[in-house]
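J.: If you scroll down you'll find the structure; I have some questions about it.
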Amino acid sequence: MSKVVAGLMVKGARVVLDDAEALLKKAINEKGSIAKIGFPETAFYLPLANALLGLEIKTLADADKALSTAKTLIPAIPSEEKWDTYLKDGLNSGVAAILAEEIICALRYLYGEEPQPDCPGFFSDTILRALGIQLVDGRISGIGVILGKAPDAKTAVEIVRDLQKRNILTLVGGSVDGVSIIDQLKEGGLQMGLESYVVPFGRDTISVVYVLNFAIRAALTFGGIKAGNTKACVDYVRERVPAFVLLLGGVDEVKAATGAGALAAGVPIITDLDLPEVRVPGVCAHEECLVKESDHKKIVQKAIEARGIKIKVAKVPIPVPFSAAFEGERVRKADMYVQFGGKYSPAFEYLKMKKSDEVEDGHIDVIGPEIDLMKEGDSVPLGIVVEVAGRKMSVDFEPILERQIHKFLNYAMGVFHMGQRDMNWVRISKEAHKAGFKIHHIGEILIAKLHDEYGAIVDKVQVKIYTKEADVKKLIPEAKSSFDSRDERLAGMTDESVDTFYSCTLCQSFAPDHVCIVSPERLGLCGAYSWLDAKAAHEITPTGGNQPIKKGKVIDEKKGIWEGVNKFVYDNSHQKTSEMTVYSLMESPMTSCGCFECIVAIVPEANGVMVVNREYSGETPAGMKFTTLASTVGGGSQTPGFLGVGRLYITSKKFISSDGGLARIVWMPKELKEALADRLKKRCVEIGQGDLFERIADETVTTDAAKLVEYLQKVGHPALSMPPMM
Ligand code: SF4
């Protein structure tokens, strides 16, 4: 590393440390050393200090201790002739700087100065988990952090569009000479937000710490690494978090120190500045640590190569950009050219399997007016019928492929899709229309993507798109009757009706010892993989993360223990888990990776369990918020009494059936209870406890365990008279 760069890093770290010290001193004077400090919705306190130093910073006094430790990391500025330790000095300074920056940001929260305007501020554990799932399933191929400013708004938008096209989550912030990339993107009309994979983190350099403490939490959350195991945390980020920094427009000492912090965490930096490059093995995933690229059209590609990110971009013959990064972009009314369905016109979408000779591969028929015959602002009927044929295709796969229509159409920039079946809603933006997007292109997208992602089961695809009201209305009853028979068929599937379950080990990229066992009556804990999904995924990629597991000899039918399942779990958990029950919370429960939609946790006082969903940020009768519970459950380990689950498992007949099932639920957040109300009420009737639904408490009743027991006694909840859970 050059003397100039290392010198800037050391000086920058001193500046940040001094700032942090002064702010902390002021806060202690004004609020007292026992005043609480922290970030919202995390179980990891100040995550960098927690991961790298093993400290649980809860008060200003704790922060003071962390700052003292950070100070010891800053080296003296070496003399002219002793600049051979540049790299080590630079990286240590970086660690000190980001620890101090984290304290500054936490102090800002204490004073109500965060989040900054238009920026979400600290990324909660919930956001971390949601994005973790997308990294695992490939919707996000990497994380790009842009710090500074582009030469102009147009270039800023072009760089970000380039990242979006490659499915890279882009976090933007910082500024140079008072100009921030955030404002350049706003000026260029780019939609920002988590749903469009472009998230502003703050207009000053130190806000980049939100990105770094987000990355390091992946090690604690998904990797199951213990706080304070600095090397393991950094190794995890370097090897498993595909992130890089684009440093644009200028560098000062604070940026240099913060950049050094990123490097110390294994995140390479690519810059348009004329800085001496740093190429050293062992710091980042490859030898590229600090790399230059002055051509903004090539800088994204350079970053991808430097970080070694594998990108899969589908070639879809449409006139607008196409990638998962556009999935969450909405088309607002003011930007809309034409819309279909929703509450505005009749619409449906339906995918069906046909015989091979009934499908002409690649054929698209638009039956009715094309977009050229529609006026701006029109609401038009729409029927999308996708017909597929394939030797390995099965009617069971129809709903899985049909569900992809939503995802695939949203990938097109300027196309918005919501809902499914006969409750779909599609909008095409003025911009997409201007670029030449037509109704016909809906067919192009579906054909290209079904071949691309489901080529192993789909040999031929044809699409018919109806835009005349009479046709759409005539076809809706036929589609509806297929939906009904499909639902009946799926409802009849039980664990007993199959001899094979499926594994899912996709999350091993984050939680190396975790194995999900997916059965017809228990979906994967992220909620994304049902038994049929896993079966289809296995057909598509026979050597992938979804493998068939012959249940084999029954060891305990009630608890759900089979020889074949145990052997598979043992072999695939690196021999960490030797027994797994499929239906018990208390005995050898399934491992949890960190992606769970909900946590089931024992409430001993009530002889029952509570279920809390990750969207719920309040207190629970277990005395822990979701984020704290999640930190004890995840990481691929078994935690008797605690279990990560998918939402729909709660209404399965096999829901902790060995421990008493649904009748054990004593508390759940109101939102979750309401979202599952119809299914829950049906299950309550099935188990002969028709009024159980009303007896389950929520946060409007209490979040205190003792008061919960009083309530349960008052309403006569069955859990109180069931056999003891422990
Ligand atoms: S099913 Fe399990 S392993 Fe697979 S993606 Fe979901 S949580 Fe991860």
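J.: Are there GluC sites (Glu not before Pro) in region 302-396 that DSSP puts in a loop and that have at most 16 other Cβ atoms within 10 Å, and which ones?
T.: Those that pass, being in a loop and sparsely packed, are Glu360, Glu370, Glu376.
J.: Suppose all protein chains stay in the model; what accessible area per residue would a 1.4 Å probe give for the chain, in Å²?
T.: With the other protein chains kept in place, the chain gives 39 Å² per residue.
J.: So which cysteines of the chain have no other cysteine's Cβ under 4.7 Å from theirs?
T.: Cysteines of the chain left without a disulfide-compatible partner: Cys105, Cys119, Cys233, Cys284, Cys289, Cys598, Cys684.
J.: Go through Leu247, Val316, Gly266 and say which Cα lies farthest out towards the positive end of the charge dipole of region 211-322; charges sit on Cβ, +1 for Lys and Arg, -1 for Asp and Glu.
T.: Of the listed residues, the answer is Val316.
J.: Enumerate the lysines that Lys576 could reach by cross-link, defined here as Cα to Cα under 19 Å, with residues fewer than 8 away along the same chain left out.
T.: Here the lysines satisfying the reach criterion relative to Lys576 are Lys226, Lys567.
J.: Provide the per-residue ³J(HN,Hα) series for region 434-448, in order, calculated from phi with Karplus coefficients 6.51, -1.76, 1.60 and θ = phi - 60°, each as a whole number of Hz, with x at glycine and proline positions.
T.: Karplus values, whole Hz, x for Gly and Pro: 4, 6, x, 6, 10, 4, 3, 5, 4, x, 4, 4, 5, 5, 5.
J.: Let me ask you something else. Over region 590-667, what percent of the accessible surface lies on carbon and sulfur atoms, probe 1.4 Å?
T.: Ligands and nucleic acids excluded, carbon and sulfur reach 51 percent.
J.: What ranking do 418-426, 601-609 get when scored by the average of other Cβ atoms within 10 Å per residue, highest first?
T.: 601-609, 418-426
J.: Same structure again: Greater than 31 Å separation of Cα atoms is the criterion. Which listed pairs, Lys298/Lys434; Lys297/Lys392; Lys36/Lys292; Lys165/Lys550; Lys154/Lys255, meet it?
T.: The answer is Lys297/Lys392; Lys36/Lys292; Lys165/Lys550.
J.: What pairs from Lys553/Lys682; Lys625/Lys654; Lys474/Lys535; Lys375/Lys464; Lys559/Lys625 go past 24 Å between their alpha carbons?
T.: Over 24 Å apart, Cα to Cα: Lys553/Lys682; Lys625/Lys654; Lys474/Lys535; Lys559/Lys625.
J.: Let me ask you something else. Suppose every K and R has +1 on its Cβ and every D and E has -1 on its Cβ; what is the size of the dipole of region 563-636 about the Cα centre, in Debye to the nearest 20?
T.: In total the dipole reaches around 160 debye.
J.: Would you work out the relative contact order for the chain, in percent, from Cα pairs under 8 angstrom that are 6 or more residues apart?
T.: Across the chain, relative contact order equals 10 percent.
J.: Something else: Quick check: at a probe of 1.4 Å, how many percent of the accessible area of region 258-324 sits on carbon and sulfur atoms?
T.: 53 percent
J.: Here's another thing I want to ask about it. Considering the dipole of the chain built from charges on the beta carbon (Lys and Arg +1, Asp and Glu -1) around the Cα centre, which of Val4, Leu643, Gly54 is farthest to its positive end?
T.: Result: Leu643.
J.: Ranked from highest to lowest mean number of other Cβ atoms within 10 Å per residue, what is the order of the peptides 249-257, 395-403, 635-643?
T.: 249-257, 635-643, 395-403
J.: On a straight-distance basis, which aspartates and glutamates could pair with Lys88 in a cross-link, Cα separation under 19 angstrom, same-chain partners fewer than 8 positions away excluded?
T.: The reachable aspartates and glutamates, counting only those whose Cα sits under 19 Å from Lys88, are Glu80, Asp235, Glu253, Glu277, Glu287, Glu288.
J.: Let me have the 222 nm mean residue ellipticity of the chain computed from DSSP H runs of 4+ only, each contributing -39500 (n - 2.57), with the sum over all residues rounded to the nearest 500.
T.: -11000 deg cm²/dmol
J.: Quick one: with all protein chains in place, what share of the accessible area of region 483-559 is carbon or sulfur, to the nearest percent (1.4 Å probe)?
T.: Accessible surface attributable to carbon and sulfur in region 483-559 totals 54 percent.
J.: Report the Cα centroid-to-centroid distance between region 427-462 and region 131-205 in angstrom, as an integer.
T.: Rounded to whole Å, the Cα centres lie 26 Å apart.
J.: How large is ³J(HN,Hα), in whole Hz, for each residue of region 485-500 in order, when computed from phi with the Karplus curve 6.51 cos²θ - 1.76 cosθ + 1.60 and θ = phi - 60°, using x for Gly and Pro?
T.: 5, 4, 4, 4, 4, 5, 5, x, 7, 10, 5, 6, 7, 10, 9, 10
The values are calculated or read from the model by the stated rules, or taken from the named source; none is laboratory data. Source: prediction; values computed, not measured. Cβ sites come from the backbone with ideal geometry, for glycine too, and all protein chains shown count toward neighbours. Please note that ligands, DNA and RNA were not included when accessible areas were found on the heavy atoms of the full protein model with its side chains. Shrake-Rupley method; radii C 1.70, N 1.55, O 1.52, S 1.80 Å.
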